[in-house]
Amino acid sequence: MFHDSTQRSRWMFTDVAHVEELRKTTNREWSAKKKESRGNDALLLTWEEEGLLCAHYLRKLLEFCNLFQPAIPRAALGTAVAYFKRFYLYTSVMEYHPKEIFLCCAYLALKVEEYNLNVDQFVHVLMTELRASATEMILSYELMLMQRLKFHLTIHSPFRPLEGFIIDMKTRCPHLANPEVFRQKADDFLIRSCYSDASLLFPPSQVALAAIRHAAKSVKVKLDEYLFILLDSDKTAADDVMSTLDRVDSIVMAVASPDVTKVRVVEGKLDRLYQTASSNSGLKRKQRAHQEEEPQSKRRSGEDGRPAGVTKL
């Protein structure tokens, strides 16, 4: 149950400002590490740039999941999105590139949700030349990903309560419009919510109810009666819930698609940062190898540099 879950106790936050502060802290701490290692400061990303890349690859994650036949269950989709969002709360894109992590999140989500697909079948939707490297990367990152998620792998997504509310409406309020009329619009709202921070701020049942309310409004169906029945005719509670649903709606509908031009600029910057880090690592490895080799060379040749066995005159 959600109320007893780690999702509620460890992964729900008070407001948008709290979530943003976590991302700022992650960016600040990783940037400080890179500066200490004498990286190129000009290539370090701001927290806003990190957010832009994450928003872009969230869309890539959903596009990727839509490639499978039969379709990936909505519950698995919600789990993959939750893993991706949680990962980048405490990890910078300057440490792990989201183009790799979104694949790992999708694969882990399918395993957790018991969608029967092995890694070879999973990467089969990728281009042929990418499959071997993707397989190696996914398997090598899997444990790291679970560690970064603190092994909290059970996700309560709003897709399940959406189904529950639709069934409940048909039972309690049969005289209202058939909920099937706006089911697709409600589902579209939940997909849109994946691009927002709603899942980090509100319980899944509230996000699902906001989806139904938003969808019903779009076809001019009022759900006030159903909400009143749902809350045992408590007008004060109903008003509070309405206010919360308004907040969910506002956050979800405020989401905009990332500017592709800006994404390319930031991604180019990130790629250069990785290349610089790789070059620095290679140089350091060579320096360490040289330092380790030098004493051995001296032992072979004698401390004064003469070949072994040659004595001073």
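Under 6 Å between Cβ atoms, which residue pairs at least 6 apart in sequence (or on different chains) link something in segment 216-231 that is touching a residue at least 12 places away in the same chain (Cβ under 8 Å) and of a type in the set (G, A, S) with a partner that is in a helix (DSSP H, G or I) and open to solvent by less than 80 Å² (accessible area, probe 1.4 Å)? Pairs found: A216/F182. When you check K170 against the structure, is it closer than 15 Å to Y226 by Cβ and either in contact (Cβ under 8 Å) with a residue 12 or more places away in the chain or of a type outside the set (F, W, Y) (or both), yes or no? Yes; evaluated as a whole, the condition is true for this residue. Can you find even one residue in segment 112-119 that is assigned to a loop (DSSP other than H, G, I, E, B), of a type in the set (A, V, I, L, M, F, W, C) and either in contact with a Gly (Cβ under 9 Å, 6 or more places away or on another chain) or under 30 Å from P179 (Cα atoms) (or both)? For segment 112-119, residues assigned to a loop (DSSP other than H, G, I, E, B), of a type in the set (A, V, I, L, M, F, W, C) and either in contact with a Gly (Cβ under 9 Å, 6 or more places away or on another chain) or under 30 Å from P179 (Cα atoms) (or both): absent. Can you spot a residue in segment 175-189 that is open to solvent by less than 40 Å² (accessible area, probe 1.4 Å), touching a residue at least 60 places away in the same chain (Cβ under 8 Å) and within 21 Å of H3 (Cβ to Cβ)? No, because not a single residue in segment 175-189 is open to solvent by less than 40 Å² (accessible area, probe 1.4 Å), touching a residue at least 60 places away in the same chain (Cβ under 8 Å) and within 21 Å of H3 (Cβ to Cβ).
Mind listing whichever residues of segment 163-174 are open to solvent by 50 Å² or more (accessible area, probe 1.4 Å) and either assigned to a helix (DSSP H, G or I) or within 27 Å of Y88 (Cα to Cα) (or both)? Residues satisfying the conditions are E163, I167, K170, T171, R172.
Here the condition is being modelled with pLDDT of 95 or more, assigned to a helix (DSSP H, G or I), of a type outside the set (D, E) and over 30 Å from H3 (Cα atoms); of V207, V252, V266, it holds for V266 alone. Of everything listed in (1) of a type in the set (D, E); (2) part of a helix (DSSP H, G or I); (3) in contact with a helix residue (DSSP H, G or I) (Cβ under 9 Å, 6 or more places away or on another chain), the single unmet condition for E95 is (2).
For R74, the conditions (1) farther than 26 Å from A256 by Cβ; (2) touching a Phe, Trp or Tyr at 6+ places or on another chain (Cβ under 9 Å); (3) modelled with pLDDT under 95; (4) not aliphatic (A, V, I, L, M) all hold with the exception of (1).
Restricting attention to segment 151-162, which residues are assigned to a loop (DSSP other than H, G, I, E, B) and open to solvent by 80 Å² or more (accessible area, probe 1.4 Å)? Of everything in segment 151-162, those that are assigned to a loop (DSSP other than H, G, I, E, B) and open to solvent by 80 Å² or more (accessible area, probe 1.4 Å) turn out to be F151, T154.
For segment 137-150, which positions are open to solvent by 20 Å² or more (accessible area, probe 1.4 Å) and either among the basic types (K, R) or not in a helix (DSSP H, G or I) (or both)? Steps first, answer last, please.
Of the residues in segment 137-150, the ones open to solvent by 20 Å² or more (accessible area, probe 1.4 Å) are 137, 139-144, 146-148, 150.
The answer is R148, K150.
The values are calculated or read from the model by the stated rules, or taken from the named source; none is laboratory data. Remember, predicted model here, so these are calculated numbers, not experimental data. No Cβ is skipped: glycine too gets one built from the backbone with ideal geometry, and neighbour counts run over all protein chains shown. Just so you know, the surface numbers come from the protein's heavy atoms only, side chains and all, with ligands and any DNA or RNA stripped out. Shrake-Rupley method; radii C 1.70, N 1.55, O 1.52, S 1.80 Å.
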